[in-house]
Amino acid sequence: MSDYLFDNVAAETEGRFSVLEERYDPVSTRQLALTGVTSGWRCLEVGGGGGSLGDWLGAQVGPDGEVTVTDLEPRWAATRSRPAHVRLLRHDIVRDPLPGRDYDLVHARLVLLHLPERLSVLRRLVSALRPGGWLVLEEFDCGWMPVLAAPDEEAAKLFERVHATLMGLVERAGGDPLWGRRVFGVMRQAGLTDVTATTYAEAWAGGGTGIALHRHNTDQVAGALAEAGITDEELARFRALLADPAFVMNSYPMVSARGRRPAGTTQATTR
């Protein structure tokens, strides 16, 4: 089992995947389209979650292509029907052998942020590309999430306190809440070329779809938050704040970075 803080066997997983798909899939598909993905490509979707992006890739590459969707817990994606050229695989990107090589495109969204072994995993993903193949990594930068509007100053401080405590739990589990701002640099250090990145964020109001991500996440680790000093009363007020339209916050900024493996290379160079 993974040490990932938000374990994908938990009941809150389905709600979290639903938010991510609704709010971030349009961003991800735009970024993936910029690689030129088309009929006949071989693609690897790492940490495919609910499987929506794997399905989108399958539609782009068609029956002459191949898409492998991996996850530690693939049962959420298994609820979708998929064509034969889209394969779903239970897989640990840290410990298991790569499911293939010479991919035209490798994509991972919100995976490496949570892995203590993120740099070695990055090297593995680069090595899975064919020369000229694309790596697309999409990660949150959890260090820039200003409160845009709040009923009062205490409400803003409450959100910031609970969220800071949550990010402390992510760090204790080996994650890097600021990984999104580092992705561009480490992809260049890995020897990729044509590296570029864009950042997407939006306003999330209380009671809306996006802000529910915070409810699913905090509900899943409520016990750990209590051990870290968040009281039941504070958590109850936090949940009420997430439902209040007068509270508006900046979403998690998602950094989408893409780069190509140079022709003639045999291994990644990041240390």
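Brief remarks follow.
- Test: residue in segment 83-96 that is closer than 27 Å to residue 172 by Cα, under 14 Å from the mean Cα position of the chain (by Cα), part of a strand (DSSP E or B) and not hydrophobic (A, V, I, L, M, F, W, C): no
- Residue within segment 130-138 that is at pLDDT 95 or above, more than 21 Å from the chain's Cα centre (by Cα) and aromatic (Phe, Trp, Tyr) present: no
- Which listed residue, of 186, 195, is closer than 21 Å to residue 134 by Cβ, in contact with a Ser or Thr (Cβ under 7 Å, 6 or more places away or on another chain), at pLDDT 95 or above and of a type in the set (A, V, I, L, M): 186
- Of all the criteria given as (1) over 22 Å from the mean Cα position of the chain (by Cα); (2) surrounded by 17 or more Cβ atoms within 10 Å (Cβ to Cβ), the one not satisfied by residue 217 is (1).
- Residue 167 satisfies every condition listed in (1) surrounded by fewer than 18 Cβ atoms within 10 Å (Cβ to Cβ); (2) over 21 Å from the mean Cα position of the chain (by Cα); (3) assigned to a helix (DSSP H, G or I) except (2).
- Output for segment 111-127, where each listed residue is assigned to a loop (DSSP other than H, G, I, E, B) and buried (at least 21 other Cβ atoms within 10 Å of the Cβ): 111, 115
- The residues on offer are 82, 75, and the sole one that is at pLDDT below 95 and surrounded by 13 or more Cβ atoms within 10 Å (Cβ to Cβ) is 82.
- Considering (1) small (Gly, Ala, Ser); (2) in a helix (DSSP H, G or I); (3) touching a residue at least 12 places away in the same chain (Cβ under 8 Å), the lone condition that residue 174 does not fulfil carries the number (2).
- If the condition is being assigned to a loop (DSSP other than H, G, I, E, B) and touching a strand residue (DSSP E or B) at 6+ places or on another chain (Cβ under 7 Å), then segment 129-143 contributes only 141.
The values are calculated or read from the model by the stated rules, or taken from the named source; none is laboratory data. What you are looking at is a predicted structure, and each value in this text was computed from that prediction instead of being measured. Quick reminder, even Gly has a Cβ in these numbers, built from the backbone with ideal geometry, and neighbours come from all protein chains shown.
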